[in-house]
1. Does T196 meet the test of being crowded, with 17+ Cβ neighbours inside 10 Å, touching a residue at least 24 places away in the same chain (Cβ under 8 Å) and not in a loop (DSSP other than H, G, I, E, B)?
2. The conditions are (1) open to solvent by 70 Å² or more (accessible area, probe 1.4 Å); (2) over 24 Å from L344 (Cα atoms); (3) assigned to a loop (DSSP other than H, G, I, E, B); (4) β-branched (V, I, T), and V230 fails exactly one of them. Which is it?
3. I'm trying to understand the selection: among the residues of the stretch 399-409, which are open to solvent by 60 Å² or more (accessible area, probe 1.4 Å), of a type outside the set (F, W, Y) and part of a helix (DSSP H, G or I)?
4. Whether any residue in the stretch 8-18 is over 30 Å from T122 (Cβ atoms) and modelled with pLDDT of 85 or more is what I want to check.
5. Are any of the residues in the stretch 290-303 among the charged types (D, E, K, R) and in a loop (DSSP other than H, G, I, E, B)?
6. I'd like the residue in the stretch 199-224 that is closer than 30 Å to H256 by Cα and open to solvent by 60 Å² or more (accessible area, probe 1.4 Å) and, out of all such residues, is farthest from the chain's Cα centre (by Cα).
7. Is it true that some residue in the stretch 85-105 is over 18 Å from K46 (Cβ atoms), touching a Leu at 6+ places or on another chain (Cβ under 6 Å), hydrophobic (A, V, I, L, M, F, W, C) and at pLDDT 80 or above?
8. For the stretch 271-285, check the following and say yes or no: at least one residue is assigned to a helix (DSSP H, G or I) and without any contact (Cβ under 8 Å) to a residue 40 or more places away in the chain.
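The values are calculated or read from the model by the stated rules, or taken from the named source; none is laboratory data. What you see is a predicted model; the values in this text were computed from it and never measured. No Cβ is skipped: glycine too gets one built from the backbone with ideal geometry, and neighbour counts run over all protein chains shown. Just the protein is used for accessible areas: all its heavy atoms, side chains included, with ligands, DNA and RNA removed. Shrake-Rupley method; radii C 1.70, N 1.55, O 1.52, S 1.80 Å.
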Amino acid sequence: MEKVGFFRSIHLKFVIIYVLLILVAMQIIGVYFVRQLESTLQENFKDAIQERVNLLSYYVEEQMTKVRLPDEEAPSQEEDIRRLLSDYNSADISEVRVVDESLTILGTSDPDNQGVVGGRSTDNLIKMAIATKQPVTEDLVDQGQRIWVLVTPIKNNNGEVNGAIYLVAKIENIYEQMREINNIFTSGIAIALAITAILGILLAQTVTRPISDMRKQALAMAKGNFSRKVKVYGYDEIGQLAITFNSLTKKLQEAHATTEGERRKLSSVLSYMTDGVIATDRKGRVILINEPAAKMLNVSRETVLSSPIVSLLGLEEDYTFEELLDEQDSVILDYSSKTKTLILRANFSVIQKETGFVNGLITVLHDITEQEKIDMERREFVANVSHELRTPLTTMRSYLEALADGAWKDEEIAPNFLDVTQNETERMIRLVNDLLQLSKMDSKDYRLSKDWIDFIFFYNRIIDRFEMTKQQNVTFERKLPDHSAFVEIDEDKLTQVLDNIISNALKYSPEGGKVTFSIEEKDEFIIVSVSDQGVGVPKENIDQIFERFYRVDKARTRKLGGTGLGLAIAKEMVEAHGGKIWAASTEGKGTTISFSLPYVRSEEDDWE
């Protein structure tokens, strides 16, 4: 958020409003004061002039009614009037004239205008005043100066008008005083506004400072910093707001900590979940995907955000987002390729608000590849067992039916039928025994009876047994160490492993072939190998020969009496001893089966 400029701040607005309020108030007061003062000064000025004129009228009337003797040496009427008017020469009065009832000018106060004395006045105001017997006034402007003309009739004791006094007053002086007063008032307003502005700034700071602190705190809170507090400058409304804001900050900090804790818990749960989780918004766009889901779908978390869920899961042709919201059952997603098998099960859950409004969709992905493989292997196992059991049972039933129909009486056929039935019975017994053996190996309670055995002597003894009982024209070659090699094994189980491997080597060895037996000491293991010169195993099938019921040539194996479980049993037993088993083969040249067993060289020294 950008910083608020000074000319846009509430601080300046507050000061301007405060100053404007003071200015308007002072202007209103000033206008009212100036008008009242001007009116009062004018009234006082006119009243003072009027009083002087009334007094002058009294004295002039005495002089006009005074009886004068011709021979008397006293001043004449004109001289007395001139003497009276001379006292009225002042800064406020321009001229005073005395006119009798015949409009003859008897005197004037203007020494430069004495020539008008004795002349006749033509002023209409004088005529009006004499005629109406009432004072007459008029405001005029003379040479840019405002003047006030007052004409007052001179009355005797009987109320008769003997003349009039014509006075011109300089009322412009009042306006000059008002201008001086206005200048003083304007200066006072300017000084008052300056003081008011300073006080307004100080006052605005007391209001805006807490607000500025709260703004800074709000910005800090937006960035996740809840440690700051707003300073409380007082306990007025703004102070109470600051206290409330600090309380809100504390509650937000607690809520944020709770939310952050829950978010971390959720993030931890999502990260350590083996299942994939995908969340969308209400439009079906991906807003969250955990690492297992990204790995299952082989996508990057950054690239799939905001992409449609139906596109991410590859369901555009089968579903729309609205249909996924209504989907109650699991959806199986098959992402298998030629080199990799991947099958996922997707379960959908709608995110709804309290109002029932759909806010998004949660998709949980389960990797059911291994489960599907196990189910497939189980089905194949059941089918193979059924097939392996059905074949000898069908053969036995056919021969037994033939014997029941009278073939037992035939001395040539009956022994052959009984021999076949016995072979098939033994074959089923071997099959069942092998299945029981595998079942025991799969059991969690399976235990080995281990003991320290000289494996070289043990291996030679088994080879000797096969060499003495073999019926084929096969040569045995031994490549064994001359010294002892003691290993901790279950002798019975390892005997069965070697029996199965050597039996297979003899079955598939041609007449005149050779079976090679070898032991190699390597690091912490001994490697036991049995090689034949049979037909070999195709390269694409070499990793499957240790699976249950797997046979490269099923017809040949069944003919030789195999169950398809020998190498599977050998693998289980070798791995139970902590070793590994593998095969190497060249088609048409032979096969080598090898397995490793843990071997500690110091044990050999102890035995020696």
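1. It is true that T196 is crowded, with 17+ Cβ neighbours inside 10 Å, touching a residue at least 24 places away in the same chain (Cβ under 8 Å) and not in a loop (DSSP other than H, G, I, E, B).
2. (1)
3. Passing the criteria: L400, E401, A404, K409.
4. Scanning the stretch 8-18 turns up no residue that is over 30 Å from T122 (Cβ atoms) and modelled with pLDDT of 85 or more.
5. There is no residue in the stretch 290-303 that is among the charged types (D, E, K, R) and in a loop (DSSP other than H, G, I, E, B).
6. Ranking the candidates gives R209 first.
7. So far as the stretch 85-105 goes, yes, one or more of its residues are over 18 Å from K46 (Cβ atoms), touching a Leu at 6+ places or on another chain (Cβ under 6 Å), hydrophobic (A, V, I, L, M, F, W, C) and at pLDDT 80 or above.
8. yes
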